[in-house]
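The values are calculated or read from the model by the stated rules, or taken from the named source; none is laboratory data. These numbers come from a predicted model, not from an experiment. Cβ placement follows ideal geometry from the backbone for every residue including glycine, while neighbour counts extend to all protein chains displayed. All accessible areas refer to the heavy atoms of the entire protein, side chains included, with ligands and DNA or RNA removed. Shrake-Rupley method; radii C 1.70, N 1.55, O 1.52, S 1.80 Å.
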Amino acid sequence: MVSFKPVHGLHFRNVKGDFFGGITAAVVALPLALAFGNAALGEGGAIYGLYGAVIVGFFAALFGGTPSQVSGPTGPMSVTVAGVMASLAAVGVNQSLASGEALPLVMAAVVVGGLFQILFGVLRLGRYVTLVPYSVISGFMSGIGVIILLIQVGPFLGISTKGGVVDSLSMLFANFTPNWAAAGIGVMTLGIVFLTPKRISRAVPSPLLALLIVTPISVLAFGQGDIIPRVGDIPEGGLQFSMPNFGNHLPTVIQAGLVLAVLGAIDSLLTSLVADNITQTRHDSERELIGQGIGNTVAGLFNGLPGAGATMRTVINVKSGGSTPLSGMVHSAALLVVLLGAGPLAARIPNALLAGILIKVGLDIIDWGFLLRAHRLSSKTAVLMYGVLLMTVFWNLIWAVLVGVFVANMLTIEGLTETQLEGMEEANAPEGDHELPWEDRVLLDQCRGKAMLFRLSGPMSFGAAKGITERLALVENYTSLILDVSEVPRIGVTAALALENIVQAAHAKGRRIFLVGASGRVRQRLERLGMEDLLDGGFDTSRHEALETVAPGNVAPSNKE
């Protein structure tokens, strides 16, 4: 179980740094929260992103396991919520926020996702996220970036779209009548977020600068009418407690909650690793999952968008002086102050402005460095990474990761097997094995192919055991088999059973069998299989003794006779 204290890493020796770090993170979070809300829930959804930033940011800092981390709505989570909206549409739920049908179900999924994350933390599953190969993570995150880009094309051009990539693109092409005024707003936003000099963006982040400059210009140029789509008023009763409503869609809600939980866990713990690197500290994965789960559960109860650890906001927090959970709570408090007076301001923000900000976010999420160089490192890795990217964009986010991890593990086992089989070939090669002691090499040469020596190293895989079987099938005239496992630190159950089959097959043909070098856990596992009675000399014979026994001129009797 996870040992739990109220606040992990909290102290008051850095109050000034935490205050400025939290305020700076809030400045960056404000436009992003609004943009992610719009991307996740469609028109009218921006303010729910701000609710999520306030609630998740506070509770994840209070109960989480990464002191300097700032949490809130992120690209992967907003993309997932958009997918939840699309799945609800598939079962006949009206996606319009004005209808009041979709939002309670989405928030029920957020609550379920938070509860799943708490369960992940209690079960100590956080450590497994760090075992996901980089090629899979890179393909997944780049896929998220591509999704954000594709679903923001419509809002950028002033065209209303909903749902995931396929649905958004279908609606875009079916109703392709660009609103050039909105497109102009989008282009102006892109110009600001891409071209703002670094010395200015250090003082005022470029997304906030775009919000402060473009919104007044859009009001002066086009008024507050319907010429361009805008965020609209904050719904009354927004930040109020509401019980989850599963309606008649419990399976859909639970499935959506599980997806939110898994992606939120991956997103948060990857950001935790980034925070560890820049602060030279070590996060607590299980506590972090519990903290994120509490934050998302409470957010769902108050109509907030789900969140996760946010990399850019966390880095900015640390570089601005934040180092304890106090900075994350200050960030949320600052956003709450803005929220209390944000109604008239939020109503005027153009959707195209938020789309422009998200296009920049999408481009930043894509792992360009690895995307353009993966083929130089390994063609298999490149194919895996691009495959995960395409599955993420056009199929399913969770399945993309699961399939990617499965394929990556298969490639790892294949590589391990090839390495082990190469070592086996060297042991019996005519030119000799340079790592085999000279006296053992002489004895093996005297056998003239009648003795087969297989030397294994590293954790023994099932593939290596299968490789031994295949090679033995090609040689029929040997009379003795020596399996040297002295450099095998561990052996899996499947590999142990395969090794047992090899020994049994050789025993059935009357061949002498030696298994040498087994010690520790390897020996314990093989002894439990009862293999000792099939071996010449049991488990105590050394490789040199086995070679002396089978070399021509030695007539020592077999233990099986």
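Observations
- Segments 542-550, 196-204, 405-413 sorted - mean Cβ within 10 Å per residue, highest first: 542-550, 405-413, 196-204
- Lysine-lysine proximity count for the chain, Cα under 28 Å, sequence distance 8 or more or distinct chains: 15
- The C-alpha atoms of the chain define a longest principal axis, and helix 351-365 lies at about 20 degrees to it.
- About the centre of its Cα atoms, the range 265-316 shows a dipole size close to 120 debye [charges on the beta carbon of Lys, Arg (+1) and Asp, Glu (-1) only; nearest 20 debye].
- Accessible solvent surface per residue of the chain, calculated while the other protein chains remain in place, 1.4 angstrom probe, Å²: 44
- Summary value for the chain: 23 percent relative contact order, contacts being C-alpha pairs under 8 angstrom separated by 6+ residues.
- Accessible surface of Glu487, taken over heavy atoms with a 1.4 Å probe and every protein chain present, rounds to 100 Å².
- Reported label for calculated P(r) over Cα pairs in 10 Å bins from 0, in percent given (i) 3, 13, 17, 18, 14, 10, 9, 7, 5, 3, 1, 0; (ii) 3, 13, 20, 22, 21, 13, 5, 2, 1, 0; (iii) 4, 16, 22, 18, 12, 10, 9, 6, 2, 0, 0: (iii)
- Listed residues Ala551, Gly158, Asn175: farthest to the positive end of the dipole of the chain (Cβ charges): Gly158
- Difference of contour (0.36 nm per residue) and Cα-Cα distance, Trp438 to Ile200: 78.6 nm
- Summary of packing: across the peptides 276-285, 61-70, the per-residue average of other C-beta atoms within 10 Å ranks them, highest first, as 61-70, 276-285.
- Using alpha-carbon coordinates, inclination of helix 102-122 to the longest axis of the chain, degrees: 40
- Taking label positions 7 Å along the Cα-Cβ direction at both Ala221 and Asp533, the computed distance is 8.8 nm, reported to one decimal.
- Inter-part distance where the range 49-108 and the range 517-542 are each reduced to a Cα centre, Å: 56
- Secondary-structure-derived ellipticity at 222 nm for the chain, considering helices only, amounts to -20500 deg cm²/dmol, per-run term -39500 (n - 2.57) for DSSP H runs with n ≥ 4.
- His544-Asn248 pseudo-label distance in nm [points 7 Å out on the Cα-to-Cβ vector]: 8.1
- Protein accessible area in the range 1-156, 1.4 Å probe - carbon and sulfur %: 69
- Residue ranges 387-394, 290-297 sort as 290-297, 387-394 when ordered by packing (mean number of other C-beta atoms within 10 Å per residue, highest first).
- Net charge dipole, the chain: roughly 1580 debye, given to the nearest 20, about the Cα centre with Cβ charges of +1 for Lys and Arg and -1 for Asp and Glu.
- Three-way shape label, the range 1-120, alpha-carbon gyration tensor, a/c 1.5: oblate
- For the range 183-326, relative contact order (Cα pairs under 8 Å, six or more residues apart, normalised by length) works out to 22 percent.
- Amide hydrogen neighbours beyond the local backbone of Thr281, cut-off 5 Å, H modeled: none
- Of Met312, Met77, the order by accessible heavy-atom surface (1.4 Å probe, DNA, RNA and ligands excluded), from most exposed downward, is Met312, Met77.
- Cα long-axis angle, helix 165-174 against the chain (0 to 90 degrees, to the nearest 10): 40
- Prolate/oblate/rounded label for the range 308-395 (Cα gyration tensor, a/c 1.5): oblate
- Here the scattering of the range 166-209 is modelled by Debye summation over its C-alpha atoms, one equal scatterer each and no solvent; at q = 0.18 Å⁻¹ the log10 of I(q)/I(0) is -0.65.
- Residue (of Ser486, Gly510, Leu411) at the positive-pole extreme of the chain, dipole from beta-carbon charges: Leu411
- Amide H to amide H, with H built 1.01 Å from N, Val204 comes under 5 Å of no residue 5 or more places away or on another chain.
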